[in-house]
Each structure stands twice: as structure tokens, then as C-alpha cells.
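J.: Got a structure for you, questions after.
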Amino acid sequence: MSKDETLGEALRRQGVTRRGFLKFCAATASMMALPPSMVPAIAAALEKARRPSVIWLSFQECTGCIESLTRSHSPTVEGLIFDAISLDYQHALQAAAGSAAEAARETAMEENYGKYILIVDGSIPLANPGYSTIAGISNLAMLEETAKGAAAVVSMGSCAAFGGIPKAKPNPTGAVSVGDIIKDKPIINVPGCPPIPVVITGVLAHFLIFGTIPELDALGRPMAYYGQSIHDRCYRRPFYDKGKFANTFDDEGAKKGWCLYKLGCKGPTTYNACATTKWNDGTSFPIEAGHPCLGCSEPDFWDGGGFYKAISTPTEDIPKAAIYAVGAGAAAGLALGALNRAKRDKAVAEHVKTTIDDLEKGD
Amino acid sequence: MSETEFLLWVRGPAFQVATIIFLLGVVVRILEILVLGRKPDLAEARGSAVAGGLRAIISRSFAERATLQRTAFTEVTGWIFHIGIFVILLLFAPHILLFEEVFGVSWPALPTTVIDATTIVTIIALLAVLIHRIANPVMRFLSRFQDYLVWLVTILPLVTGYMAFHRIGLTPTMLIAVHILSVELLMVTFPFTKLMHAFTLFMSRYYDGAIAGYKGVNS
Ligand code: SF4
Ligand code: SF4
């Protein structure tokens, strides 16, 4: 692959037909909520786009994100688009290792300074830089150095976007997200544990087509993919609205495909594209497989009070607190009552008169 | 504190504290009244005090014709928002789930569309009640700070619940947290304000009815 090859040339060389290419453009357009009339423009832009240099840094992560991406049922056009970017540095995928790998990163940074896309997966430990290093360089130092020349940063997966599992209580490594460190670059958060493959290719496609970062929500996530909640697009929603819930994983309700809210579904508080784009080449998504949404694309999803506990229910032992409260209330009430009685009896004995002022209690 | 942590705090310690203040306060205030007792009535009974008391609890719920004609607005809006609050509180699925979690009993829910419509009607009724309170010179004269406070803590859970269901304004996590927090505010103010009428109204009606019943008078 030559560096100057356009995307169109690269795709043709890899045997993608015109039809397949347009299909991808149409899918991209609809995913980005653009009208179909934009498809030719998208195709033209993608055709001519130069393969952007991409540097991918992996910090405190489990490689699930890159696994998700590479398992995007090849050979899909999405996969080929991914091949068609110039991935100049990625631990899990590159052949080079050690100083050769670091040299590749430095070369890519130099050659494309100010233009390359930096993708990060994994969180950054701040408690002790030694918790995670690459070629002796701490994650923090490598991120700061590499981000300097980036056109934009993509935080891939919930760990990079929000801290994810490493940041879960008690956060032993002092993990933070990319956005906690990098403040002067546009950051696109692509959370999910892992994120949906087509979402990352869609974000890259947007960058290629428009040369800009897509419209983001308050948490820095592309609106096109994270604009709607799982709950709003869930096919089980009619059951929620009718009040029909599965109580266990194998009861009548579960077999009939009723809503999983009672089983702890976080769909109502989770924004992601699962319910629309689905997983495994559009096969299904977790709720379709009978499991409640864990809320993996939201910050701190790991500490949300239990995956199998409904979001509206209390997390502390309320019945026990209630028994103590009633007990204490009864004791206090009886004591105060006795005091009031004594006061009354005294007033009666002393012939105290009630005046109109006694009845006016103000506010 | 992140949004998730805030929601957890609201669902956890805050809810626990609110429950304790609510129950403790309610029990204290009821016992305070009951322990005071009454002087024994030495006259001969002409009828049943218990029957008279129970009758009054029911009959006082419905205004007489003359009263109704004079205060139709108060009667109708009052009934609407009270029924609305109970329907929303007791028949919305996520609420039932809370009761099931705490009391271990469950019952069928109403469709969310019905709850949604009920919420709008209830909010409108409560707004009408407030406007009436301010517009009517006598009502305004009689109103104290507490009357407005009680109105506010009553309507807040409805408004925040509506916003949470339709996801208006904040993130869904924050909306649920704010909604639960508004309910906790209601629970905490409850024992120390006129909201106590939810319990004491039965006691006072029974008291009145029992006196009349003992005398053999139809109250
Ligand atoms: S299964 Fe989850 S996302 Fe689907 S309707 Fe029920 S609560 Fe909402
Ligand atoms: S259904 Fe929910 S938990 Fe599962 S992948 Fe999608 S957003 Fe994450």
C-alpha cells in the first residue's frame, strides 16, 4: 500500500465492487443521519480521500476494543475501510516490536504532524506511572507527547472515554480518561465495552468525508450513534409501556420476550447504537439475546449499583431502616406524649386559660 | 461526584435517611396526639361511638350539596389531584417495583400512556389549585409560607417524574436522580407540615364521628 494511494484506489485494489462501495456509502449516510441525496457526494469524497495516518495507543485495556473491531465479519467494507487507513502504530496488530515499533510511531508523527488521528484505548494510571508502561515510557508521557501533533483524538471504548473498568471502585491505579488529560485537542469519545465496530468506522468515515469531527453530545460522543437511548429504540419497549416484565431469566415473561427492566436493564439511562445497528454483522444485540443492558457506554457503568438491580430501586436495606425508625419513633412519641400530658394536667390544675393567641400558630 | 455516584447516593443513603425521618416523624406525631387521650365520657351511651367514628371517616370525604355548590372548584380539583397522585404513585411499573423491593408485594401496573396522561392532568389540577389560592383574596389571606411549601414539594415529584420519563433537560441518569431526590424532599417535609393530614384526617374524622355516635346523633 503506498501512502499516497486514495481510498478509492485502495478499495478497488482489494476487490471491493462499485456496488459494495456505494452500499457502504449509503449505510454511512443513514448512520450519520444524512439524506440519501448525500450518497454521491460521500462516495466522491471517500473516493478521493487520502488514507489518513492513524496512531493507535493502547493503555490500561483488555484488547476487547481492537478485538471487536477486527471481528467485524471480514471481509466487510467496514473492515476494508479500516485496512485503507494507514494504521502506523498499533501494538496488537503491528509486526514490529520494541524500539522498531516506537520508531514507527515517531516517524508517523513527524511525517504527518498536525494531521494524524490518534486513537486511544484504555485508561491512564495516575497513581503510579509504573503501573502501565510501553517501551519504558509511561502512558501519561506517551499520550501527552503523541496528542501534540494529532488533528483529533478518538477515545476508543469506555476505558479511554470515561475510565471504564480500571476506574471502577476502588480504582487502585488512579485511572483517568483521555479527556481528563488532553484538553487542547478535539476528542471524540466512542464508548462501549467494547464499542460497536461500525461506529468506529463510521467516525473515521466522517473524518475522511468532511475533514471535521462529527457532531458530539455532552459526553463527547457522536450524536449519529449515541443520539438515542437503548430504551427508546428497544424492540421490547411495548412491553415496558404495557407493564409486562420478565421477573427471572427463565420465567414465562422471559420466554415471551417481555421487558428486562426488573432484571436490571440500564437501557433507559444508556445512549448507544446497539438497538439499531446491532452486533455481529447486524445479527442481534444483548437485549435481543435476553440479557439486560449493562449501560456500558455510560460513565461509571461498573459502579451503577449492580447489573441485575433495577435502576429505580433503593440500594440500601430499607426494611431494616424502617423497623428501626418506627421503633425509635414509637419510643419518642410515647415519651413526648407523656410530657404533653403532664403539661396539660398542670395547666388544668393551675386553671391556665387558652387565649386566641394560642390558636394562632403562624407559619 | 459523578452522575452515577449521585444517583447511587440518592438511591442509597439519601433514601435511607429520608425513610427514617419520614417514619420516625409520622409515628412521633401520631402518638403525640393519641397519648394525650380524652376525658372519659360519663354519660350513658346512646349509640355506638365506633360505628359513628367509622361512618364519619367515609361520609366526610364527600361534601354536602350546599358546600359543593359553593366550593365546586376546590372539591373537583382536590379530588382530581389526590386520585392522580395515588394512581401515579401506586400503578406505575417502576414504582411498583420499589414497593415490591421494600414490602415484598407486587401488583399489576397501568400502561405508561395512562400514567403519562394522569400526570399531565394532575399537574394541571395542582397548578389550578395554586392559581386559585393566589387569586382568591380569602384563600390568599389564609395562606402561610407552609401552604406554598407543601404545594411545591407535592408538585415537584410529578414534574421531575414527567421530565424523567420523557427525558427532558438533563441526562437520564440525572433526571432519575433528581426525581428520586424530589420524592425524598417530600418524605422529609411530610411529618412536619400539613402533609400529615394524610394520616391525621382519619383520626380527626373518627374523633368527631365517635362523639356524635356515642350521643346517638347522626353526624
Ligand atoms: S428491555 Fe431495557 S431497554 Fe428494552 S424496553 Fe425494557 S428497560 Fe427499556
Ligand atoms: S446493550 Fe447496553 S451494555 Fe450491552 S453493549 Fe449495548 S450499550 Fe453496552
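The values are calculated or read from the model by the stated rules, or taken from the named source; none is laboratory data. A quick note: this is a predicted structure, and the numbers were derived from the prediction, not measured. Virtual Cβ from ideal backbone geometry, glycine too; neighbours counted across all protein chains shown. Heavy atoms of the whole protein, side chains included, go into the accessibility calculation; ligands, DNA and RNA do not. Shrake-Rupley method; radii C 1.70, N 1.55, O 1.52, S 1.80 Å.
J.: Give the distance, in whole Å, between the Cα centre of the range B:79-116 and the Cα centre of the range B:26-44.
T.: Here the answer is 34 Å between Cα centres.
J.: Sorting check: for A:342-349, A:308-315, A:104-111, A:246-253, which peptide has the highest mean count of neighbouring beta carbons within 10 Å, and how do the rest follow?
T.: Details: A:342-349: 10.5, A:308-315: 19.8, A:104-111: 16.2, A:246-253: 14.1.
The peptides rank, most packed first, as A:308-315, A:104-111, A:246-253, A:342-349.
J.: Note down the nm distance, to one decimal, between modelled labels 7 Å out along Cα→Cβ at B:Trp151 and at B:Ser2.
T.: Placing both labels 7 Å along Cα→Cβ, they lie 4.1 nm apart.
J.: Sequence-distant or interchain residues sharing an amide H contact under 5 Å with A:Val154, placed H: which?
T.: HN-HN under 5 Å from A:Val154: A:Leu118, A:Ile119, A:Val120, A:Ile188.
J.: Around B:Val17, what is the net charge, scoring Lys/Arg as +1 and Asp/Glu as -1 over all other residues with Cβ under 10 Å from its Cβ? Don't skip to the answer; put the middle values down first.
T.: On the way: positive: none; negative: A:Glu316, B:Glu184.
That sum, taken over residues with Cβ under 10 Å, equals -2.
J.: Of all the accessible heavy-atom surface of the protein assembly as shown, with the other protein chains kept in place and a 1.4 Å probe, what percent is carbon and sulfur? Walk me through the numbers on the way to the answer.
T.: Values: 18650 of 29160 Å².
Within the protein assembly as shown, the accessible surface is 64 percent carbon and sulfur.
J.: Could you sort B:Met187, A:Met156, B:Met1 by their accessible area in this structure, using a 1.4 Å probe and putting the largest first? Mind dumping the intermediate values first?
T.: Details: B:Met187 30, A:Met156 5, B:Met1 160 Å².
Sorted by accessible area, descending: B:Met1, B:Met187, A:Met156.
J.: Okay, next question. Quick one: of the DSSP bridges fully inside the protein assembly as shown, what percent are antiparallel, nearest 5? Let's see the in-between values first.
T.: Working: 9 of 28 bridges.
Around 30 percent of the beta bridges assigned by DSSP in the protein assembly as shown are antiparallel ones.
J.: Mind checking the alpha-carbon convex hull of the protein assembly as shown and giving the volume per residue in Å³?
T.: Numbers: hull volume 122.0 nm³, N = 582.
Given the Cα convex hull of the protein assembly as shown, per-residue volume reads 210 Å³.
J.: Ok, one more. Going by a ≥ b ≥ c, the root eigenvalues of the Cα gyration tensor, does the range A:52-226 fall in the rounded group (a/c under 1.5), the prolate group (a/b larger than b/c) or the oblate group? Provide the component values of the computation, followed by the final result.
T.: Values: a/c = 1.38, a/b = 1.14, b/c = 1.21.
Verdict is rounded for the range A:52-226.
J.: How much accessible area is lost when chains B and A come together, counting both sides, with a 1.4 Å probe, in Å² rounded to the nearest 100?
T.: Working: alone 14240 and 18800 Å², together 29160 Å².
For chain B against chain A, roughly 3900 Å² becomes buried.
J.: Which helices count as membrane-span-like in chain B under these terms: full DSSP H, at least 30 Å along the axis by C-alpha, Kyte-Doolittle mean of -1.0 or more?
T.: Values: long enough: B:15-36 (32 Å, 2.40); B:112-135 (34 Å, 1.81); B:145-166 (31 Å, 1.11).
For chain B, where a helix must reach 30 Å along its axis and average at least -1.0, the hits are B:15-36, B:112-135, B:145-166.
J.: While we're here: Report the semi-axes of the equivalent ellipsoid for the range A:231-314 in whole Å, largest first, where each axis is √(5λ) for an eigenvalue λ of the Cα gyration tensor. Don't jump to the answer; show the numbers that get you there.
T.: Working: eigenvalues 64, 59, 25 Å².
Sorted largest first and rounded, they come to 18, 17, 11 Å.
J.: Express the accessible area of the range A:231-314 per residue in Å², computed with a 1.4 Å probe while the remaining protein chains stay in the model. Write down the numbers at each step before the final one.
T.: Values: 3550 Å² over 84 residues.
So the range A:231-314 comes to 42 Å² accessible per residue, rounded to a whole number.
J.: Take the Cβ-Cβ distance between A:Glu288 and A:Asp358 as r, set R0 to 45 Å, and report the resulting FRET efficiency rounded to the nearest 0.05. Mind showing how you got there, number by number?
T.: Numbers: r = 68 Å, r/R0 = 1.52.
The pair A:Glu288/A:Asp358 has a calculated efficiency of 0.10.
J.: Select from chain A the helices, each a whole stretch of DSSP H, whose alpha-carbon atoms run 15 Å or more along the helix axis and whose Kyte-Doolittle mean is at least 0.5; answer none if there are none. Don't skip to the end; give the middle numbers.
T.: Numbers: long enough: A:18-31 (19 Å, 0.31); A:98-111 (20 Å, -0.68); A:197-210 (20 Å, 2.19); A:318-349 (45 Å, 0.57).
In chain A, the long hydrophobic H runs are A:197-210, A:318-349.
J.: Going by the alpha-carbon gyration tensor, a ≥ b ≥ c the square roots of its eigenvalues, is the range A:138-186 rounded (a/c under 1.5) or, if a/c is not under 1.5, prolate (a/b greater than b/c) versus oblate?
T.: Values: a/c = 2.75, a/b = 1.77, b/c = 1.55.
Prolate.
J.: In whole Å, what is the distance between the alpha-carbon centres of the range A:227-243 and the range A:283-356?
T.: A separation of 30 Å, based on Cα centres.
J.: Sticking with this structure for a sec: Using a Förster distance of 30 angstrom, determine the FRET efficiency expected from the C-beta separation of A:Ala338 and B:His82, and round it to 0.05.
T.: On the way: r = 35 Å, r/R0 = 1.16.
It comes out at approximately 0.30.
J.: Take chain B, mark every one of the trypsin sites (Lys or Arg not before Pro) that falls in a DSSP loop and has at most 12 other Cβ within 10 Å, then report the longest stretch left between them, sites excluded. Working shown, then result.
T.: Values: sites that count: B:Arg38, B:Arg46, B:Arg144.
Looking at chain B, B:47-143 is the longest stretch - no exposed trypsin sites (Lys or Arg not before Pro) with at most 12 other Cβ atoms within 10 Å.
J.: Now for a different question. What residues in the range B:112-136 lose 30 Å² or more of accessible surface when the other protein chains are added to their chain alone (1.4 Å probe)?
T.: The answer is B:Thr112 - residues whose exposure falls by at least 30 Å² when every protein chain is included.
J.: In the neighborhood of A:Ala168, defined by Cβ-to-Cβ distances under 10 Å, what is the net charge if each Lys or Arg adds +1 and each Asp or Glu adds -1? Present the calculation step by step, with values, prior to reporting the outcome.
T.: Working: positive: A:Lys167, A:Lys169; negative: A:Asp300, A:Asp303.
Cβ neighbours under 10 Å give a net charge of 0.
J.: Where in the range B:24-49 does accessible area fall by at least 30 Å² between the isolated chain and the complete protein assembly, at a 1.4 Å probe radius?
T.: The answer is B:Leu24, B:Val27, B:Val28, B:Leu31, B:Glu32, B:Val35, B:Leu36 - residues whose exposure falls by at least 30 Å² when every protein chain is included.
J.: Distance between the C-alpha centers of the range A:177-212 and the range B:152-219? Whole Å please.
T.: 47 Å
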